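Visitor: Okay, here's the structure, questions in a sec.
The values are calculated or read from the model by the stated rules, or taken from the named source; none is laboratory data. No experiment lies behind these values; they were computed from the predicted model shown. Every residue, glycine among them, receives a Cβ derived from its backbone with ideal geometry; neighbour counts consider all protein chains shown.
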Amino acid sequence: LGDKQKLGSITVNYGTFNLITGNHSMAMNQFKEFLKISRDIGDRLGQAIAIERIGRIFKEQGKEKKALDHYFKKLEIVKELNDLDGLGWTYGNIGSCYLDLEHYDKALDYFNKQLQICREINNPRGLSLSLGNIAIVYMDLEKFSLAEKNFKEALKLAEKINDIPSVCGIKGNLAQMYVLLKKYKIAENLFNETIKTCEKFNLVNDLAQLYYFLAKLNYEQKKNESVKINISKAKEYALKTGNKGRLREYENFEKKINK
């Protein structure tokens, strides 16, 4: 049993590394192997983790319905284990899939379920993330005052617990909302402020996306030199993360601007 547990731990760690760096096929094989090991030794929590990670791969591949199948399987396990923390995160994962599918009512329902659980167990990070996700739903629905209210509440919580990655993510989303509202100068200042924070803490994934969104904003502003500088920076950071999907997205945008 001990050897299998060690093997499972090594396998899931390698899988997580490959997931983060965008190597989905390797990650999928490793999570399937971890799921088999967890079933062999009767580790229900391990099964939940493996199923969630497989779901995450499907989500990153744009296969939200397959992701949902896995998240609902995980939901059954965390309910069985009475794992309230896992339940909260699973509600959030399900909400994110429905958000991608533009099923906004369902997305809001699950994000609010996550919010309720996080309040019950006093999880400030989960609270901040659920409020940020609720804000994104309202932003997509063009209910900008509600979006701004939830973004600012989420930001306040993230700052209070010094959750720098969440602070940067929320500020980035808030800046994108200001782009939609054509408040370009506010958006540009917020992107640059957030980039400085991310550079200080070497948040490479966030930096890739922030420079990309800033380049897109500069394109709207017709700041051609800034577009080239910032898309180049976005590609540089995408290479560091090893996320091939993002790199392709940035390269396609670069081709568009160079036409």
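Visitor: Looking only at residues that are farther than 20 Å from Trp89 by Cα, touching a residue at least 24 places away in the same chain (Cβ under 8 Å) and not hydroxyl-bearing (Ser, Thr, Tyr) in the stretch 10-33, which one is surrounded by the most Cβ atoms within 10 Å (Cβ to Cβ)?
Guide: Within the stretch 10-33, the match that is surrounded by the most Cβ atoms within 10 Å (Cβ to Cβ) is Ala27.
Residues are listed down the side, and each one gets a yes or a no for (1) of a type in the set (D, E, K, R); (2) closer than 28 Å to Asn150 by Cα; (3) loosely packed, with under 14 Cβ neighbours inside 10 Å:
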residue: Glu52; (1), (2), (3): yes, yes, no
residue: Gly55; (1), (2), (3): no, yes, no
residue: Tyr71; (1), (2), (3): no, yes, no
residue: Val78; (1), (2), (3): no, yes, no
residue: Asn82; (1), (2), (3): no, no, yes
residue: Thr90; (1), (2), (3): no, yes, no
residue: Phe111; (1), (2), (3): no, yes, no
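Visitor: Please list, ordered by first then second residue, the pairs with beta carbon atoms under 7 Å, 6 or more apart or interchain, first in the stretch 234-259 and closer than 24 Å to Ser25 by Cα, second surrounded by 14 or more Cβ atoms within 10 Å (Cβ to Cβ) and among the β-branched types (Val, Ile, Thr).
Guide: Here the result reads Tyr237/Val204; Lys240/Val204; Thr241/Thr21; Thr241/Val204; Gly242/Thr21; Asn243/Thr21; Tyr250/Ile231, each pair linking the stretch 234-259 to a residue that is surrounded by 14 or more Cβ atoms within 10 Å (Cβ to Cβ) and among the β-branched types (Val, Ile, Thr).
Visitor: Take the stretch 156-171 and flag every residue that is over 21 Å from Ala208 (Cβ atoms) and assigned to a helix (DSSP H, G or I). Steps first, please.
Guide: First pass over the stretch 156-171, keeping only residues over 21 Å from Ala208 (Cβ atoms): 156-157, 159-162.
Passing the criteria: Lys156, Leu157, Glu159, Lys160.
Visitor: Exactly one of these conditions fails for Gly169: (1) among the small types (Gly, Ala, Ser); (2) surrounded by 18 or more Cβ atoms within 10 Å (Cβ to Cβ); (3) free of Cβ contacts under 8 Å to residues at least 24 places away in the same chain. Give me its number.
Guide: (3)
Visitor: Would you confirm whether any residue within the stretch 9-20 is more than 25 Å from the chain's Cα centre (by Cα), of a type outside the set (Ser, Thr, Tyr) and part of a helix (DSSP H, G or I)?
Guide: Taking the stretch 9-20 and keeping what is more than 25 Å from the chain's Cα centre (by Cα), we get none.
So far as the stretch 9-20 goes, no, none of its residues is more than 25 Å from the chain's Cα centre (by Cα), of a type outside the set (Ser, Thr, Tyr) and part of a helix (DSSP H, G or I).
Visitor: Still on this structure, please answer the following. Could you tell me which numbered condition Leu115 fails, if it satisfies all but one of (1) exposed (fewer than 15 other Cβ atoms within 10 Å of the Cβ); (2) of a type in the set (A, V, I, L, M); (3) in contact with a Ser or Thr (Cβ under 8 Å, 6 or more places away or on another chain)?
Guide: It fails just one condition, (1).
Visitor: While we're looking at this one, here's another question. Answer with yes or no whether Lys66 is of a type outside the set (Val, Ile, Thr), free of Cβ contacts under 8 Å to residues at least 24 places away in the same chain and either touching a Cys at 6+ places or on another chain (Cβ under 6 Å) or closer than 22 Å to Gly95 by Cβ (or both).
Guide: Numbers: of a type outside the set (Val, Ile, Thr): yes; free of Cβ contacts under 8 Å to residues at least 24 places away in the same chain: yes; either touching a Cys at 6+ places or on another chain (Cβ under 6 Å) or closer than 22 Å to Gly95 by Cβ (or both): yes.
Yes, satisfied.
Visitor: How many residues does the stretch 118-132 contain that are within 9 Å of Ala154 (Cα to Cα) and touching a helix residue (DSSP H, G or I) at 6+ places or on another chain (Cβ under 6 Å)?
Guide: Number satisfying all stated conditions: 5.
Visitor: Of everything in the stretch 130-155, what is among the aliphatic types (A, V, I, L, M) and either within 18 Å of the chain's Cα centre (by Cα) or not in a loop (DSSP other than H, G, I, E, B) (or both)? Give them in sequence order. Give the derivation first.
Guide: Initial filter on the stretch 130-155 (among the aliphatic types (A, V, I, L, M)): 131, 134-137, 139, 141, 146-147, 154-155.
Leu131, Ile134, Ala135, Ile136, Val137, Met139, Leu146, Ala147, Ala154, Leu155 - these are the residues of the stretch 130-155 that are among the aliphatic types (A, V, I, L, M) and either within 18 Å of the chain's Cα centre (by Cα) or not in a loop (DSSP other than H, G, I, E, B) (or both).
Visitor: Turning to a different aspect of this structure: Quick check on the stretch 186-213: of everything there that is within 25 Å of Leu141 (Cβ to Cβ) and without any contact (Cβ under 8 Å) to a residue 40 or more places away in the chain, which residue is nearest to the chain's Cα centre (by Cα)?
Guide: Top of the filtered list is Gln209.
Visitor: Right, another one. Hand me the list of helices (runs of 4 or more DSSP H) wholly inside the stretch 29-127 holding 1 or more residues that are at pLDDT 95 or above and under 30 Å from Asp3 (Cβ atoms).
Guide: 44-60, 64-80, 84-100
Visitor: Hey, any hits in the stretch 151-164 for a residue that's of a type in the set (S, T, N, Q) and at negative phi?
Guide: Quick first cut of the stretch 151-164, residues of a type in the set (S, T, N, Q) only: 162.
Next, only the ones that are at negative phi stay: none.
Checked against the condition, which is being of a type in the set (S, T, N, Q) and at negative phi, the stretch 151-164 yields no hits at all.
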